[in-house]
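Single-structure report; data block below.
The values are calculated or read from the model by the stated rules, or taken from the named source; none is laboratory data. All of these numbers come straight from a predicted model, not from anything done at the bench. With ideal geometry, Cβ positions are generated from the backbone for all residues, glycine too; neighbour counts draw on all protein chains shown. Note: accessible area is taken over every heavy atom of the protein model, side chains too, but ligands, DNA and RNA are not part of it. Shrake-Rupley method; radii C 1.70, N 1.55, O 1.52, S 1.80 Å.
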Amino acid sequence: MTGTLVSFVGMAIGGRELSLELDTFQILFFRSLIGLIILCLVLLKKGWHLAKTRHFSLHLLRNISHFGGQFGWFYGIAHLPLSEVFAIEFTLPVWTAILATLILKEHMTLPRFFAVVFGIVGMFVILRPGMGVLNPISLIVLASAVCFGLSHTLTRRIVWFDHPITILFYMTLIQLPFGFFFSINDWNSVSFSMWPWLIIVGITALTAHYCMARAFAIADATIVVPLDFLRLPLI
């Protein structure tokens, strides 16, 4: 999860810089394109057998949900302070805990419950309800947290069957055409100064999800996800 936290912070800073010139969907397209190229090189070395899965429907559902979450996240990063985006996103453990209990039949123990409660209390301290923070963009970020909650829950399910590299491969492969389709009407040329940030976003997107998948393979989602609260002081 330490690798996940560092990667998400790098991806957030890169996404913020890219939003100065590129549309959100175009950022998602290049994130998937760069990630897919890297993964194809990895699969050439480790073997293409890692690209095989018997659970494509789970991968498809996970990535539809994750794409929606990523759009809301990058859109929020472009229009809100990073600390506010991360604070709103910290409703994620609530949705993950609920969905993991319903879908994965995980037990909501008392320590896990209090970890979620204290995280949400911290979120409200940051948001200051009634002070004008909760605008439509904030609600988009909140909706993205629900999408991420479903994505994390399905990731926890998929790691029972597939390798983390398999999960990453289908993440980039499925989301690549989504990003291209939605960005084609507002396509902007990429300036030379933006390419380093695109590469950072592409790499950190892979390392974040690889580390998270490894963490989910070791521990329950209701243990792993509350550690994500450390992202706020880091950012």
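Structural remarks
- Figure legend. Inter-residue proximity from segment 3-27: first residues among the acidic types (D, E), second residues outside any helix (DSSP H, G or I) and surrounded by fewer than 24 Cβ atoms within 10 Å (Cβ to Cβ), beta-carbon distance below 8 Å, spacing 6+ or different chains. Indicated pairs: E21/N188; E21/V190; E21/S191; D23/W187; D23/N188.
- Any hit, segment 102-113, residues being surrounded by fewer than 21 Cβ atoms within 10 Å (Cβ to Cβ), part of a loop (DSSP other than H, G, I, E, B), charged (D, E, K, R) and touching a residue at least 60 places away in the same chain (Cβ under 8 Å): yes
- Picking from residues in segment 74-95 that are farther than 25 Å from F113 by Cα and in a helix (DSSP H, G or I), the one that is modelled with the lowest pLDDT is L82.
- Residues in segment 147-174 that are open to solvent by 60 Å² or more (accessible area, probe 1.4 Å) and at pLDDT below 90: R157, W160, F161, H163.
- Residue that is buried (at least 19 other Cβ atoms within 10 Å of the Cβ), closer than 29 Å to F180 by Cβ, within 14 Å of the chain's Cα centre (by Cα) and hydrophobic (A, V, I, L, M, F, W, C), where the choices are I64, I77, I34: I77
- Tabulated pairs, segment 168-184, first under 12 Å from I37 (Cα atoms) and part of a helix (DSSP H, G or I), second open to solvent by less than 20 Å² (accessible area, probe 1.4 Å) and of a type in the set (S, T, N, Q), C-beta under 7 angstrom, 6+ apart or interchain: T172/S32; L176/S32
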